[in-house]
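Enquirer: Here's a structure for you.
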Amino acid sequence: MNIAAVGRLGPYEIHSKLGEGGMGEVYLAEDTRLRRRVAVKILPENLATNADRLRRFEREAFAASALNHPNILTIFEFSAVDKIHFLVTEFVDGLSLRQRLGRGALPISEALDIAIQIGSALRAAHEAGIIHRDIKPDNIMLRADGYVKVLDFGLAKLAEPGAVATGLASDPEAQTRKQLQTQSGVIMGTVGYMSPEQTRGQNVDTRADLWSLGCVLYEMISGTQPFQGDTTADTVANIIHREPVAVGTLRADGKELEPIVSRALAKNADTRYQTARELVDHLKQLQRRLEFAAEATSGEARTVVYDSAAHVDPQQTHVAWPETNATPRSLAAPNESGAAAASQNTNGAPTSASRPRVTIVWGALLIMALLAAAFGGYRYLANPGSGRINSIAVMPFVNASGNSDVEYLSDGLTDSLIFRFSQLSNVKVSPTSSVMRFKNSAKDVAEVARELSVDAVLTGRLMRAGDQLSVSVQLVDARTQKLIWAEQYDRKMNDLLAIQREIAITLTQKMQLQLAGDELGIAKKYTSSNEAYQLYMKGRFHYSRRTRDDMLKAIEAYQQAIQLDPKFALAYAATAEVYNSMGKNPDLPPKDCIPFAKQAALKALEIDPMLPQAHSALGDSLALYDWDWAESEHHFKKALELDPNISYTHVAYGLAYLTAMGKAEEVVAELERSVSLEPLSMINNSVLTSAYVYDRKYDKALVQARSSYDLDPNFPLARVWLGFALIANGKYDDAISAIGPVSPESPFGWMSVVVLAQAYAKQGKRAETEQQVAILRDLAKTRYVRTYYLASIYATLGDKDKAFSELEKSFAEKDCFLGRMAVDPSMDPLRDDPRFKNLLKRMNLPE
């Protein structure tokens with residue numbers, strides 16, 4: 001059907017048709033609620049009218065919508081209007097890889113970059129249990145800014161065992177069988193990228209996607225499909241029985257890629273790449289090797305530093321020997337045979353113009369590699385050239401271990417270095433919440449530096465094998481694109497703490513920073529137990545995920561760390577922070593967590609009275625539960641005095657203390673400060689919306705809410721506060737639409753029910769409001785539901801007695817949000833009632 005003629009589907013204004021395929025027509029549309037362009041895919045009638053297939057498709061789309069990755073097309077909504085079922089996704093303004101291939105094969109560097117981004121998307125999907133099953137150039141979009149987007153994960157098969165049997169996913173072989181029965185030429189593009197097991201109709205796993213990516217990579221390099229035949233049957237036969245022509249014979253500079261492509265296209269899945277992470281790692285290694293070789297041919301001089309007392313100066317290359325130790329490492333990354341890459345032109349031979357210099361440089365490097373093997377390690381240091389570095393981003397360390405259980409180490413090392421550098425008053429450090437957005441990203445250093453507004457970028461790679469730990473780091477001056485410093489650490493796991501401190505101290509030297517006496521915390525030893533520190537890092541890793549299960553795992557890790565080192569103040573403070581968060585989130589009644597937070601914070605201060613994290617956690621607990629406002633303010637101010645750059649302190653000070661004091665304008669200032677410190681923190685951005693609402697700046701609240709939602713549409717709290725902001729601006733239907741169908745059991749799901757209830761109450765729709773309240777009361781039978789929000793709903797309805805009844809329950813429960821009634825607009829109908837003033841008095845709040 002021609003949807004363009006219809007003109008509108010719910011809140012989506014249809015503009016033009018973008019295309020169509022086997023899974024429906026796609027239209028460009030505008031989301032009138034959020035004023036953004038989206039793509040709307042209309043499902044074909046044969047799918048939409050089959051209830052069982054539709055239900056399975058909806059479940060797969062729901063699972064895919066949980067994928068949050070820069071290289072995966074974001075799914076916003078799956079809905080229906082007048083029996084028209086449609087999927088809403090982000091709109092990608094660019095061209096497909098198929099269109100790009102229409103102009104011929106790609107340069108090796110471009111093909112590598114695209115393959116790495118596709119592989120990163122597959123890694124995220126596979127780790128979430130989702131197989132794409134249809135990776136091909138048509139499903140890959142290239143944006144003008146260099147981003148690659150993989151489409152149609154909504155049509156994927158869930159990988160968990162039993163998914164088909166339980167109806168969670170569609171029959172994994174039905175689509176393949178149907179395709180192989182289609183006439184020649186219709187589905188050649190898809191069949192040409194199928195793995196052998198897929199063409200045979202066998203069960204497939206994530207390795208089938210890696211085969212398809214190998215096919216796409218082959219085509220990007222050669223300009224042709226690896227198994228192309230005249231008919232579908234010919235193509236299938238080639239896939240099963242024949243080896244493709246080696247890419248190195250099709251173009252000279254494709255030789256380097258042969259080992260990777262060959263392994264990706266292994267017909268036996270057991271000899272193929274086993275994970276996307278492994279494939280991406282090899283692609284990145286080759287990318288770095290080629291970049292290194294290209295730089296060598298450019299004639300730029302380098303300074304290479306080794307550990308010894310000798311000094312050599314062979315013409316263009318300066319060799320010196322510093323004080324510390326490292327273990328042997330080859331300077332250039334090895335290729336598949338273990339040999340170092342040499343400088344070549346596109347035909348594979350050294351250029352005549354650069355041959356004499358390349359001989360000198362590589363000869364010197366070979367001598368140094370041998371010396372490194374003899375003396376035990378290397379460092380690499382180039383002249384900074386741009387002087388002092390005033391800002392830095394520590395990028396997420398790459399976990400090269402091929403083991404997700406080691407992820408906490410790579411993320412933890414990143415977080416720890418950021419934490420240490422944040423204690424320097426004379427350097428700006430991008431916060432963890434900002435840099436983690438670039439995890440698994442294929443963006444280059446220059447682009448990252450531009451987005452984060454920093455002078456330098458530190459990248460790192462971590463590999464663990466048993467008790468052996470290998471950590472490599474590189475510091476790049478983003479202003480000149482020069483490598484300032486690089487080092488490889490091959491140590492035992494029990495050296496992790498020492499490695500971290502050494503990196504921090506060395507970096508300050510390379511950045512030409514002088515440490516003041518009160519800034520020596522960058523090298524401070526928070527614990528002497530390496531095992532305790534690893535557990536602390538594991539706790540931080542789980543806490544960053546913010547689910548209830550992860551927060552419980554974080555507490556468990558911190559407690560284990562404390563058992564190993566009872567004087568580990570930072571672990572006590574972190575424990576307090578988690579317990580406070582659980583009291584503020586819809587997880588546990590306050591009595592089951594906040595007293596434990598207070599206890600842990602007090603213990604941390606007993607050990608280290610100058611630990612800012614402990615002061616802020618205690619200030620939070622005292623405001624949330626004890627309503628000891630004077631002591632709370634004292635500890636918050638002490639925390640800010642010790643370290644004004646911890647965003648948690650500003651958030652907690654604003655929402656726990658200042659809101660209760662009725663200082664809405666100051667709440668805004670604290671929350672704005674928190675966002676300036678962590679611009680990409682979804683929590684900070686979401687709660688800033690609440691600050692604007694409390695200060696009656698409703699226009700600003702809506703702008704901020706939309707900005708937060710656009711930052712990550714999958715973040716539940718962003719959607720909740722978008723709903724509240726729309727209500728504050730009188731856009732009740734838009735708020736209901738924005739929340740959409742909601743499962744109360746989902747994270748913050750009951751908060752979405754509160755938004756719906758408030759919107760209906762504002763419209764005077766009592767029956768609909770009571771229906772939402774009934775959902776909340778039913779939920780309260782099995783889990784904690786904040787009675788403060790029930791009071792706010794009844795206040796909006798004008799039922800003062802019921803509102804005060806719920807507020808009394810909140811008072812008895814010591815509800816963490818009860819102090820917010822001092823500024824919350826939803827409580828305005830109650831303010832003139834003596835019972836409201838009496839409640840403020842009992843909480844020791846200003847009337």
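Enquirer: Can you compute 3J(HN,Hα) from phi for each residue in the stretch 539-547, using the Karplus curve 6.51 cos²θ - 1.76 cosθ + 1.60 with θ = phi - 60°, rounded to whole Hz and x for Gly and Pro?
Expert: Once θ is set to phi - 60°, the couplings for the stretch 539-547 become x, 4, 4, 5, 4, 4, 7, 6, 6 Hz.
Enquirer: May I pose another question? Please list, ordered by chain and number, the residues whose modelled amide H lies under 5 Å from the amide H of residue 765; skip anything fewer than 5 residues away on the same chain.
Expert: It is none; the list stays empty.
Enquirer: I've got another one for you. Can you tally the net charge around residue 652? Count Lys and Arg as +1, Asp and Glu as -1, for every other residue whose Cβ sits under 11 Å from the Cβ of residue 652. If you can, show how the numbers build up before the last one.
Expert: Numbers: positive: 584; negative: 577, 620, 670.
Cβ neighbours under 11 Å give a net charge of -2.
Enquirer: Counting only other residues whose beta carbon sits under 12 Å from that of residue 219, what net charge do I get with K and R as +1, D and E as -1? Intermediate values should be presented prior to the final figure.
Expert: On the way: positive: 98, 100, 136; negative: 138.
Every neighbour counted, the sum reads +2.
Enquirer: Still on this model: How long is the gain from residue 20 to residue 98 if the chain were fully straight, where each residue apart is worth 0.36 nm and the alpha carbon distance is subtracted?
Expert: Working: separation 78, 0.36 × 78 = 28.08 nm, distance 1.49 nm.
Gain in length upon complete extension: 26.6 nm.
Enquirer: Below 8 Å between Cα atoms, with a sequence gap of 6+, how large is the relative contact order for the stretch 683-785 in percent?
Expert: Details: 126 pairs, mean separation 19.5, N = 103.
Relative contact order of the stretch 683-785: 19 percent.
Enquirer: Just to verify a number: FRET efficiency for residue 714 and residue 234, C-beta to C-beta distance, R0 = 60 Å, to 0.05?
Expert: Working: r = 43 Å, r/R0 = 0.72.
The pair residue 714/residue 234 has a calculated efficiency of 0.90.
Enquirer: Can you sort 253, 152 from fewest to most other Cβ atoms within 10 Å of each residue's own Cβ?
Expert: Values: 253 18, 152 21.
Starting with the residue having the fewest Cβ neighbours, the order is 253, 152.
Enquirer: Just how far, in whole angstrom, is the stretch 74-141 from the stretch 761-775 if you go by their alpha carbon centroids?
Expert: Cα centroid of the stretch 761-775 versus Cα centroid of the stretch 74-141: 41 Å apart.
Enquirer: To make sure I understand, if each residue's beta carbon is the centre and we count other beta carbons within 10 Å, what order do 653, 789 fall in, fewest to most? Let's see the in-between values first.
Expert: Details: 653 28, 789 24.
Ascending Cβ contact count within 10 Å gives the list 789, 653.
Enquirer: Under unit Cβ charges (Lys, Arg +1; Asp, Glu -1), what dipole magnitude, rounded to 20 debye, does the stretch 804-847 have relative to its Cα centre? Write down the numbers at each step before the final one.
Expert: Values: 8 positive and 9 negative charges, 39 e Å.
My answer is approximately 180 debye.
Enquirer: With Cβ to Cβ distances under 14 Å as the rule, what net charge do the other residues near residue 86 carry (K, R +1; D, E -1)?
Expert: Working: positive: 8, 17, 41, 83; negative: 13, 20, 25, 31, 45, 58, 77, 82.
Spelling it out: positives minus negatives among the neighbours equals -4.
Enquirer: Would you grab the residues whose amide H sits under 5 Å from the one on residue 25? Only those 5+ places off in sequence or on another chain, please, with H modelled 1.01 Å from N.
Expert: 42
Enquirer: Could you calculate the contour length gain from residue 82 to residue 802, that is, 0.36 nm times the residue separation minus the distance between their Cα atoms, to one decimal place in nm? Walk me through the numbers on the way to the answer.
Expert: Values: separation 720, 0.36 × 720 = 259.20 nm, distance 3.92 nm.
Extra length from residue 82 to residue 802 when fully extended: 255.3 nm.
Enquirer: Please compare each pair in 781/809; 700/765; 538/637; 443/538 to a cut-off of 20 Å on the Cα-Cα distance and tell me which ones are over it. Provide the component values of the computation, followed by the final result.
Expert: On the way: 781/809 15 Å; 700/765 27 Å; 538/637 29 Å; 443/538 27 Å.
Those over the limit are 700/765; 538/637; 443/538.
Enquirer: Further question on the same structure: Counting other C-beta atoms within 10 Å, which of 736, 118, 562 has the fewest, and how do the rest follow? Mind dumping the intermediate values first?
Expert: Working: 736 18, 118 29, 562 22.
Placing the least packed residue first, the sequence is 736, 562, 118.
Enquirer: Further, regarding this structure: Can you classify the stretch 569-717 as rounded, prolate or oblate using the Cα gyration tensor, where a ≥ b ≥ c are the square roots of its eigenvalues, rounded means a/c under 1.5, and otherwise it's prolate if a/b beats b/c and oblate if not?
Expert: Working: a/c = 1.76, a/b = 1.64, b/c = 1.08.
It comes out prolate by the Cα gyration axes.
Enquirer: Same structure again: At 0.36 nm per residue, minus the direct Cα-Cα distance, what do residue 453 and residue 544 gain on full extension? Give it in nm, one decimal, please. List each step's numbers first, then the result.
Expert: Values: separation 91, 0.36 × 91 = 32.76 nm, distance 2.37 nm.
Net length gain for the segment: 30.4 nm.
Enquirer: Which of 17/83; 83/136; 591/731 have a Cα-Cα distance over 26 Å? Mind dumping the intermediate values first?
Expert: Values: 17/83 20 Å; 83/136 31 Å; 591/731 37 Å.
Pairs exceeding 26 Å: 83/136; 591/731.
Enquirer: Moving on to the next point. Can you list residues whose amide H is under 5 Å from residue 36's amide H, if they're 5+ apart or on another chain and H is modeled 1.01 Å from N?
Expert: So residue 36 has HN proximity to 31.
Enquirer: I would also like to ask the following. Looking only at the stretch 627-645, which residues have a backbone nitrogen under 17 Å from a spot 7 Å from the Cα of residue 602 in the C-beta direction?
Expert: It comes to 627-636, nothing else.
Enquirer: Rounding to the nearest 20 debye, state how big the charge dipole of the stretch 683-785 is about its Cα centre with +1 on each Lys and Arg Cβ and -1 on each Asp and Glu Cβ.
Expert: Details: 12 positive and 10 negative charges, 53 e Å.
The calculation lands at about 260 debye.
Enquirer: Let me ask something else about it. Using alpha carbons only, how many angstrom separate the centre of the stretch 609-648 from the centre of the stretch 397-460?
Expert: Result: 27 Å between the Cα centres.
Each reported figure results from applying straightforward, stated rules to the coordinates on display, with no laboratory input. Computed from a prediction, not measured in an experiment: that's the story for all the values here. Ideal geometry is used to build each Cβ from the backbone, glycine not excepted, and the neighbour counts take in all protein chains shown.
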